[in-house]
1. Going by C-beta contacts inside 10 Å, put C127, C36 in order with the fewest on the left.
2. Among M247, M167, M214, M219, which comes first, second and so on when ranked by fewest other beta-carbon atoms within 10 Å?
3. Between R193 and R23, what's the calculated FRET efficiency when r is the beta-carbon distance and R0 is 41 Å? Round to 0.05.
4. Taking 28 Å as the cut-off for C-alpha to C-alpha distance, list the pairs among K4/K181; K170/K200; K19/K83; K179/K234 that go past it.
5. When a footprinting reagent is the concern and you count Cβ atoms within 10 Å, what order do F187, F7 take, fewest first?
6. For the stretch 120-220, what class follows from the C-alpha gyration tensor (a ≥ b ≥ c being the square roots of its eigenvalues): rounded when a/c is under 1.5, otherwise prolate if a/b is larger than b/c, else oblate?
7. Longer than 25 Å from Cα to Cα, which of K131/K216; K138/K223; K138/K232 are they? Say none if no pair is.
8. Using the Cα centre of the stretch 120-220 as the reference point, and only Cβ charges (+1 on K/R, -1 on D/E), how large is the resulting charge dipole? Debye, rounded to the nearest 20.
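Only the coordinates and a few stated rules stand behind these numbers; no lab work does. A quick note: this is a predicted structure, and the numbers were derived from the prediction, not measured. Cβ: placed from backbone, ideal geometry, glycine included. Neighbour counts: every protein chain shown.
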Amino acid sequence: MMQKQEFLELFEAATKAAKSAARGDGKSSSPAVSRCVDAMVRLKEAPESLARELVIDLKYPQIGTSHSVLVDHKNPRIQSEAKLLYFRWLRYLYASGRKQSRPVLKKKNKKKLVEEEMKISKTTGDCNRDKVRDILAKALSKVAVEMKEGLVSCDSWSVAASVESAMFEKLGSFEGTQKAKYRSILFNMGDSRNPDLRRKVLLGEISGERLVSMEKEEMASNKIQMEVQNIKEKVRVRDENRVKSMMMFQSDSTIMI
């Protein structure tokens, strides 16, 4: 599990690489851009408790001030990955139910923030990937309506982008043998009978990485899981009775001989 020192070193590495990329040609293929993006991808693996301690509680204010170097970067890869990282940290804040005392980013109005989030979800340049993000975002947007109690504002677009990125990293393109897994995830996320899965994904209880690794039975709604369990139990009882009947028949045959 990632520790405090590794987190700080990764953030420092990302910041230095971003500054180096800004001084260079800024091409997405440059080594500095790759180093920066790789460091931010690893930062997303940090445990929620660690991210909350170092970022949300602002015990290390340099993270907040340096983060603008990343989110305002001229390179689209660095900027996009930085914003996805920020919105992940922001979800941790929402889930904790606390208000942000000092913003990690410079303050933006709600409309501007939503516009940026929507833009992030459309930066892949791949029509199949963008379609998957759109489907996920629409499914996640249902949660606010489905939850009976009040829901602290969560961003369905950034969560959809994060989940799709995990799917793409693990499964590759939406083609070939992986289509079935993609379709299974998208179906269960949008299933009207499966609000719990959407809620858990939106609130970060189920990460994108975890969602990709789940079997279709695990993703199914509680009702369907219970139905499947009942069917398995009936099959088990039937098989046991069949074995018992065979044993009794064999025993009777032995006695008759």
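1. C127, C36
2. The most exposed by this proxy come first: M247, M214, M219, M167.
3. 0.15
4. K4/K181; K179/K234
5. F187, F7
6. It comes out oblate by the Cα gyration axes.
7. Details: K131/K216 21 Å; K138/K223 23 Å; K138/K232 34 Å.
Result: K138/K232 exceed 25 Å.
8. It comes to approximately 220 debye.
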